[in-house]
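Structure record follows, encoded as structure tokens.
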Amino acid sequence: MADERKRNWSFIVYPDSAPDNWQSILASYHVPFIISPLHSKDKNDDGTFKKPHYHTLMLFPGKKSYSQVKAITDKLSSPVPQTVVSVKGLVRYFAHLDNPEKAQYDVREIKGFCGANVDAYLTMSRSTRRTILKDITKYILEYHVTSLSTLVQEALNRDDDQWFSVITDTNTWYLNMLINSEWKLAHQNRYY
């Protein structure tokens with residue numbers, strides 16, 4: 001491991017042992033980095049809570065050795081750094097998006113620093129977007145939604161960023177046509 005050189009490195013920061021200014025220490029390197037929400041609900045296999053921690057990802061512009069990154073993590077009293085195979089996968093793991101069996105965290109609490117663009121790693125796959133669009137379509141048909149504002153209000157009430165994104169980003173024409181069809185059917189006394 002000591003000779004391995006990679007661009008992307010991850011490590012854990014424990015708030016109770018890290019310096020209070022640990023984020024400023026990382027920022028002083030002027031390297032993009034991303035921090036997870038505080039993982040305070042994670043459990044061990046025996047059901048006890050894990051020590052609260054942050055997952056941290058540093059995105060170096062060039063390859064760094066283990067010892068170079070370890071010098072940084074030592075300043076934070078962090079365990080040993082690990083190389084990252086998939087940045088997107090790790091950022092999604094920060095909220096346990098693909099691990100429904102684990103405690104879920106709010107993606108809005110994943111923070112990027114020094115130019116790190118968190119949203120670039122949280123984009124939905126085409127199949128996820130299609131699944132969500134099907135769920136929205138079922139909702140429109142089941143509840144006979146006849147206005148886009150009602151649908152948007154439902155997404156806001158659910159506090160569902162994925163629904164909101166699918167409704168507003170690329171599917172507005174389709175959803176408007178479907179809602180318009182429901183409106184026309186409602187006014188032909190189909191539902192009344």
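The values are calculated or read from the model by the stated rules, or taken from the named source; none is laboratory data. What you are looking at is a predicted structure, and each value in this text was computed from that prediction instead of being measured. Reconstructed Cβ throughout: ideal geometry from the backbone, glycine too, with neighbour counts over all protein chains shown. Surface areas here come from the heavy atoms of the whole protein model, side chains and all, with no ligands, DNA or RNA. Shrake-Rupley method; radii C 1.70, N 1.55, O 1.52, S 1.80 Å.
In the set (1) at pLDDT below 90; (2) over 24 Å from Val87 (Cα atoms); (3) surrounded by fewer than 16 Cβ atoms within 10 Å (Cβ to Cβ), Asn157 fails one condition alone, (1). Can you say whether Ala186 is open to solvent by less than 60 Å² (accessible area, probe 1.4 Å) and touching a His at 6+ places or on another chain (Cβ under 9 Å), as far as the supplied structure shows? Answer is yes for this residue. Within the stretch 81-100, being more than 17 Å from Pro52 (Cα to Cα) and modelled with pLDDT of 90 or more holds for Pro81, Gln82, Thr83, Val84, Val85, Ser86, Val87, Lys88, Gly89, Leu90, Val91, Arg92. So which of Asp135, Asp119 ends up being assigned to a helix (DSSP H, G or I), under 30 Å from His30 (Cα atoms) and either open to solvent by 50 Å² or more (accessible area, probe 1.4 Å) or modelled with pLDDT of 95 or more (or both)? Result: Asp119 is the single residue among Asp135, Asp119 that is assigned to a helix (DSSP H, G or I), under 30 Å from His30 (Cα atoms) and either open to solvent by 50 Å² or more (accessible area, probe 1.4 Å) or modelled with pLDDT of 95 or more (or both). Applying the condition of being among the hydrophobic types (A, V, I, L, M, F, W, C) and in a helix (DSSP H, G or I) to the stretch 88-116 and asking which residue is least open to solvent (accessible area, probe 1.4 Å) yields Val91. If you check Asp161, Asp169 for being touching a residue at least 40 places away in the same chain (Cβ under 8 Å) and either under 30 Å from Asp98 (Cβ atoms) or of a type in the set (Ser, Thr, Tyr) (or both), only one passes: Asp161.
For the stretch 51-71, the set of residues classified as surrounded by 13 or more Cβ atoms within 10 Å (Cβ to Cβ) and either under 25 Å from the mean Cα position of the chain (by Cα) or part of a loop (DSSP other than H, G, I, E, B) (or both) consists of Lys51, Pro52, His53, Tyr54, His55, Thr56, Leu57, Met58, Leu59, Phe60, Val69, listed by residue number.
If you go through the stretch 138-182 and keep only what is outside any helix (DSSP H, G or I) and within 23 Å of Ser125 (Cα to Cα), you end up with Asp159, Asp160, Thr170, Asn171. For Val85, state whether it is within 23 Å of the chain's Cα centre (by Cα), β-branched (Val, Ile, Thr) and assigned to a helix (DSSP H, G or I). Judged against the criteria, Val85 is not a match.
I'd like to verify a number: residues in the stretch 29-50 that are within 19 Å of Ser77 (Cα to Cα) and open to solvent by 70 Å² or more (accessible area, probe 1.4 Å), how many? Counting residues in the stretch 29-50 that are within 19 Å of Ser77 (Cα to Cα) and open to solvent by 70 Å² or more (accessible area, probe 1.4 Å) gives 2.
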